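Okay, structure first, notes after.
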Amino acid sequence: ANKILPQVIKSDLVKLHYHCCQNKTVHFLPIGDLKLEMPTVNLDREVTVLATVPVVVQSLKRCAVTWQKLISRVLEEQQKKVPQGNGPLAEIDLWREKNATLSALAEQIKLPEVQKVLEILQKAESKFTGDLQIVLSDLKKHQMEAQDSAKFLSTLERHLKNLSSGPGVDVISHTIPALLNALRLVWIMSRVYNKDERMVPFLERISWDISARVRRVVGLQTLFQQDIAAAKKKITEAKTTLEQWKKCYFTTCIRVEESGCKRYWKFDTKRLFEKTDYMVSICQDLYDIFQVTEELYNLFVPELITVTENPKAVEELRREVNIIISPMEDLSFDPFCMETARDWAFVMEEFREDVTVKKMTRFIDESFTTLRSAEAAFDLLVKYKHLQIRETIKEKLMKKFRNVLEQYCKEVEVVKQIFAQNLKDPPRYKNHPPVAGAISWSRSLSQRIQHTITRFQEEEELLASERGKQVEQIYLQVVKKMEEYEHQKYHQWRERTEQMLPLLLKETLLTSATEEPVTTKKSICFTLNFSPEILEIISETKYMELLGLPVPEMARYMALQEDKYLRYTSKLKAMLGRYHKLMEMMNEAETKLLDEYVQELWRILRSGHKRLTWKAVGIGEFILQCTQTIGKLELLVHQIHNISEDISSKLQFIESTNLFKFPHSENGAKEFFDYIKCEQAKEVEQLVRKYSAIPQLLIEVERRVASTNSGKSPKLASYYAYWENRIFQALTQLIVKNLQTFNAAIVANVPLLQIEAVLSVPEVTLQPNASEIEKMTLQSIQDCVEVTKHFIRWMHGTCIECPPQHVKGDEVVTFSFYSDVSQSPLIIEQAVLITQNVHKLLASLSKCLNQWKRYELLWKSDKDTVLERLAAEKPACVVFDEQLQFYMKMAQEVTQQPLIIDEQFIRLQLAPLVSAVQENAKSWVMSLGKLLNELVREENGNCLIELLKRCSF
C-alpha cells in the first residue's frame with residue numbers, strides 16, 4: 001500500500017506514526033464489575049477429557065452465559081455513551097474511556113484460563129459457543145475501533161488544548177493550520193475517522209471550540225470599557241481567527257484532493273461554518289461600532305475648544321457620542337448567539353440611525369460663524385483633513401475654509417487698528433530699548449498676520465480663490481505700512497547714535513558737586529559720570545543686530561565692550577560706595593587727624609574727575625589705585641576706631657561709676673557719710689588708673705598716624721583736644737549722674753541712716769541736729785565734686801599730664817578738671833536740689849517732734865516748788881490721787897507712741913525720747929507718793945499725841 005502513496009503522504013504518515021507511538025498508552029480500568037467470573041471446577045486435565053465430563057461442561061456453560069451477558073451489557077453501555085461536553089477534547093476523552101473499558105475485557109478474554117474454557121465448550125458443544133463467539137467478535141471490533149480512535153485523536157490533543165486554553169490569539173492562529181493538517185492525516189490513516197459521519201461531528205466540535213474561545217477573547221462584558229484601539233485590535237484578531245478557520249479548512253480540502261486520496265472532504269459547510277460566519281459578521285459590526293465611535297471621538301481634538309470657545313457644547317457632544325455606545329454596554333443577550341440575531345439587528349439599526357452626526361454638523365456650522373483665531377481654525381481644518389472622521393462631517397468641514405478667510409480678514413483689520421493706535425508710544429517687551437522695542441513690536445504685529453497667511457499657502461486652492469486674492473492684497477497693504485515705520489525708526493536712531501556716542505565717551509569718569517575740598521565731616525561727594533544713554537545705545541545695538549539691521553561700527557565696538565564697561569561701572573560704584581562709607585565713618589576729629597591721607601585720596605580721585613574719560617586706557621589702573629588707597633585708609637581708620645572704642649569704654653566706665661555706695665544697714669549720720677567717703681576713695685583709685693591709660697592709647701594713634709610716640713605731635717593736637725573734651729564731658733556726667741543718684745536716694749522712702757530724738761531740757765531736739773546733718777550732706781556733695789581733682793589736665797597740644805606749678809613761694813597748684821567741672825550749671829543745680837531736699841526733710845522731722853510739747857510740763861515745771869506748795873496746802877487724798885493718776889497715765893501714754901519714724905532716707909529713733917519722758921513721769925509719781933507718805937505719817941503722829949493727851953486726863 002505504501003508503494004502507491006505519494007511521497008508527501010508518506011512523510012506526513014511518518015510524523016503521525018511518531019505521534020501515535022508517543023501517545024500509545026493503554027489505560028486499564030480497575031477490574032471491579034468488569035472482572036469475568038471464573039469457574040470453580042478443576043481444569044487441570046486435558047481439554048478432551050474435560051469436554052466429556054458433564055458436570056464440568058455444565059459449570060463452564062453457566063460461566064460462559066455470565067460472560068456473554070457482561071460483555072453484551074458493557075458493549076451496549078459503551079454504545080450509548082456520548083462526549084461530556086461540546087468540545088473535541090470531550091470526544092477524545094470518551095474514546096479513551098471506551099478503549100480502557102473494552103481493552104480490560106479483551107485482555108481477560110486472552111487469559112489462558114478463559115481460552116481453555118472456550119476450547120472445552122467448543123469441543124463439548126459447538127452450537128452453544130456460536131452466540132458467544134459473535135459477542136466476542138463484536139467486543140474485538142469495538143475494542144479495535146476505540147483503540148484506533150484514541151490513538152489517532154491523541155495526536156490532536158496538544159493542538160486542541162492550545163485551541164481551548166492557549167495563552168493568546170496568536171497561539172490559536174498558529175494552531176489552526178497545524179490542527180487541520182493533523183486532521184488530514186487522521187482522515188487518511190484512521191480506520192474510524194475516515195468517514196463523514198465521524199469527521200463532520202468532530203469538526204463541528206472544533207468549530208464550537210473556536211467559537212467559544214473567540215467569545216471569551218472578545219469578552220463583551222468588558223469590551224466597551226476598554227480603550228477603543230485595544231478593543232478594535234481584539235475584535236480584529238477574533239475575526240481573523242474565525243476567517244482563518246474557514247480558510248484553512250478549504251485549504252486542507254484542496255490538499256486532501258491533491259494527495260491522491262480517494263476520500264475527499266465534501267462535508268456540509270453549513271454545519272461547520274454557519275455559526276462562525278455569523279460570528280464574523282458580528283465582529284464586523286462591533287468593529288464598525290468602534291470605528292464610528294473613534295471617528296466621532298477624533299473630532300474632539302484640543303483645538304476644537306480653542307476654535308469654538310464653547311467647551312460646554314463640546315462636552316455635550318462628547319456625552320452624545322458616549323450615549324451611542326451605551327446600549328452596547330448593557331446588552332441583555334449574547335450577540336454571538338444566532339438565536340438573538342433579530343435583537344442584534346435592531347440594535348445595529350438604532351446605531352446607524354443615530355442623530356449625533358446631524359448635531360455635530362449643526363455645531364460646526366455655528367462654531368465657524370464666530371471664530372476667534374483664523375490660524376487655529378485653519379490648523380483644525382487641516383488636522384481634520386488628515387484624521388479619520390465621518391465622511392459627511394469631513395465634507396462639511398472642508399467647506400469652512402472660506403469662514404477662515406473671513407476671520408483672517410478681521411484679524412488683519414484688528415492688527416491695523418492696534419498699529420495705528422500705538423504708533424507714537426508702542427508697547428515694548430521687557431528689557432527692550434525704545435527703538436528696537438518699537439521695531440520688534442511692529443514686526444511682531446507683522447509676523448502675527450504673516451504666519452497665518454503662510455500657513456494658508458499650504459492649501460493652494462485657498463488663496464487662489466477670488467476672496468483669497470482680496471485678503472492677500474489687504475495683508476500686503478498693512479505690512480507695507482509697518483515696513484515704512486520700521487525703516488523710519490531705524491534711520492533716526494542710526495543718525496542720533498553716530499552723533500551722540502562720541503560726545504558721551506568724552507565725559508570724565510567722575511563728577512562732583514564740590515570743586516574744592518574742605519576737611520570737614522561733609523567732604524567731597526564724587527558720583528559716577530556714566531550716562532545711561534551709553535547703555536541704551538549698547539542695548540539698542542544688540543537688539544538691532546538680533547533684528548538683522550546694520551549698526552554703526554563705534555556702536556558695535558561699544559556693544560562688544562559692554563562687559564568691560566559694566567565691570568568698570570560696577571567697580572567704580574563699589575569703590576565710590578567704599579569711599580563715601582569711609583568718609584561717613586570718620587567724625588570731624590578723625591577727619592582732621594587723617595587730613596594728609598584724605599588729601600592724597602582726593603588727589604587721586606580728582607584725576608577721574610578732571611582728566612580720565614571713558615575712552616581712556618588707564619581706567620582699570622585708576623580704579624585699582626583708588627581701591628588700594630581707600631583700603632589703606634580704611635585699615636588706618638579701623639585701627640583708630642579700635643583704639644577709640646577702647647578709650648570710649650574707659651570713659652564709659654568712668655561715667656558709669658557709682659560714687660555713692662551706701663552701707664547695707666542703718667548707721668548713724670556720721671558713720672553713713674564716712675562710709676560713703678571711704679568707698680569713694682576706693683573707686684577714685686580705679687578711675688584714675690583708667691584715666692592714666694588713655695594717653696598711652698593716644699600715643700598708639702600717634703605712632704600709626706605720625707610715626708612718632710612722643711604724646712605731643714602737632715598733627716594730633718586737635719585730636720588730643722577732642723579726647724580731652726570727651727574726658728571733661730565724661731567727668732561732668734559722672735558727677736551729675738552720681739548727684740542725681742544721691743538725690744533719688746534722699747527722696748526715696750528707703751531709710752539709709754538713722755538719728756535720735758532726745759530730750760535736752762528744756763527742748764526736744766535731734767541728735768545730731770539739723771545743721772550738723774546739712775553740713776555733712778554738703779561735705780559729701782563737695783567730696784563727690786572734688787573727685788575730679790584727681791584727673792590732671794594735659795598740657796596744651798599734648799596728651800601729657802601737666803606737672804604741678806609752684807606759685808607764691810611754696811604754694812603748689814595742680815591743674816585738674818575740678819575747676820571746670822565744679823562750675824557746671826548741671827552740677828550746681830543738683831547740689832542745690834539735694835540741699836533743699838535735705839533741708840525740707842529735716843524740717844519735716846522737726847515738725848514731728850512738736851507733738852511732744854504737750855509733755856513739756858514734766859520737765860519745765862519746778863518740781864520742788866510744786867511739792868512745797870502741796871505740802872503747805874495739805875490737800876485731801878483725793879487731790880493726790882488725781883495727781884498720781886495724771887502722771888501715771890502720762891507715763892502709760894508715752895509707751896503707746898511709735899519708737900521709729902521713717903521719713904525718706906532718714907530713720908528717726910524715738911526710743912531715747914520716750915524713755916526720758918517716761919522717767920520724768922515716774923519721777924513725778926515717786927515724788928508725789930513720797931510727799932503723800934510724809935503727810936500721812938505726820939497726820940497720824942498728831943492724832944496719837946492728841947489721843948495720849950486725852951488719856952492722861
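Of all the listed residues (I694, I676), the sole one being more than 54 Å from the chain's Cα centre (by Cα), modelled with pLDDT of 90 or more and assigned to a helix (DSSP H, G or I) is I694. Of the residues making up segment 614-621, not a single one is more than 16 Å from Y719 (Cα to Cα), in contact with a Pro (Cβ under 6 Å, 6 or more places away or on another chain), in contact (Cβ under 8 Å) with a residue 24 or more places away in the chain and assigned by TED's automatic domain parsing to the domain that holds L528. Applying the criterion of being in contact with a Gly (Cβ under 8 Å, 6 or more places away or on another chain) and surrounded by 15 or more Cβ atoms within 10 Å (Cβ to Cβ) to the residues of segment 700-720, the residue that is farthest from H638 (Cα to Cα) is K712. Cβ-Cβ contacts under 7 Å between residues 6 or more apart (or on different chains), taken from a first residue in segment 910-923 that is under 14 Å from K889 (Cα atoms) and assigned by TED's automatic domain parsing to the domain that holds A891 to a second residue that is assigned to a helix (DSSP H, G or I) and among the small types (G, A, S), are listed as Q918/A891; A921/A891; K922/A891. Only one entry of S570, S644 meets the criterion of being more than 30 Å from K775 (Cα to Cα) and touching a Leu at 6+ places or on another chain (Cβ under 9 Å), and that entry is S644. When R205, R255 are screened for being within 21 Å of G85 (Cβ to Cβ), among the charged types (D, E, K, R) and part of a helix (DSSP H, G or I), only R205 passes.
Exactly one residue among E204, E237 is in contact with a Leu (Cβ under 7 Å, 6 or more places away or on another chain), in contact (Cβ under 8 Å) with a residue 24 or more places away in the chain and surrounded by fewer than 20 Cβ atoms within 10 Å (Cβ to Cβ), and that residue is E204.
Just to be sure, is Q221 in a helix (DSSP H, G or I) and modelled with pLDDT under 80? In short, yes.
Test G608 against the stated conditions and say whether it is modelled with pLDDT under 90, of a type in the set (G, A, S) and outside any loop (DSSP other than H, G, I, E, B). Step through it out loud before you land on a result.
Values: modelled with pLDDT under 90: yes; of a type in the set (G, A, S): yes; outside any loop (DSSP other than H, G, I, E, B): yes.
So G608 fits the description; yes.
Screening the candidates S846, S923 for the property of being at pLDDT 75 or above, among the hydroxyl-bearing types (S, T, Y) and part of a helix (DSSP H, G or I) yields one hit, S846.
Within segment 796-824, residues that are without any contact (Cβ under 8 Å) to a residue 60 or more places away in the chain have Cβ atoms under 7 Å from residues that are among the hydrophobic types (A, V, I, L, M, F, W, C) and assigned to a helix (DSSP H, G or I) in these pairs: S822/V785, counting only partners at least 6 apart in sequence or on another chain.
In this entry, K232 is excluded by the filter for residues that are of a type in the set (K, R), surrounded by 20 or more Cβ atoms within 10 Å (Cβ to Cβ) and in the same structural domain as G87 (by TED's automatic domain parsing). Specify the residue that is nearest to E786 (Cα to Cα); the eligible residues are those in segment 617-630 that are in a helix (DSSP H, G or I) and out of contact with any helix residue (DSSP H, G or I) (no Cβ under 8 Å at 6 or more places or on another chain). Among them, the one singled out is Q628. In a residue-by-residue description of segment 101-119, the property of being surrounded by fewer than 16 Cβ atoms within 10 Å (Cβ to Cβ) and in a loop (DSSP other than H, G, I, E, B) applies to at least one position. Scanning segment 146-183 for residues being surrounded by fewer than 20 Cβ atoms within 10 Å (Cβ to Cβ) and either in contact (Cβ under 8 Å) with a residue 60 or more places away in the chain or closer than 17 Å to I210 by Cβ (or both) gives a total of 18.
Pairs linking a residue in segment 97-120 that is within 15 Å of L60 (Cα to Cα) and in contact (Cβ under 8 Å) with a residue 12 or more places away in the chain to a residue that is of a type in the set (S, T, Y) and buried (at least 18 other Cβ atoms within 10 Å of the Cβ), with Cβ atoms under 7 Å and 6 or more positions apart or on different chains, are L118/T129.
The set of residues in segment 472-515 that are more than 53 Å from the chain's Cα centre (by Cα) and surrounded by 13 or more Cβ atoms within 10 Å (Cβ to Cβ) comprises E472, I474, E498.
The values are calculated or read from the model by the stated rules, or taken from the named source; none is laboratory data. Just so we're clear, the structure is a prediction, and the values are computed from it rather than from any experiment. In this analysis, Cβ positions are derived from the backbone assuming ideal geometry, glycine residues included, and neighbour counts consider all displayed protein chains.
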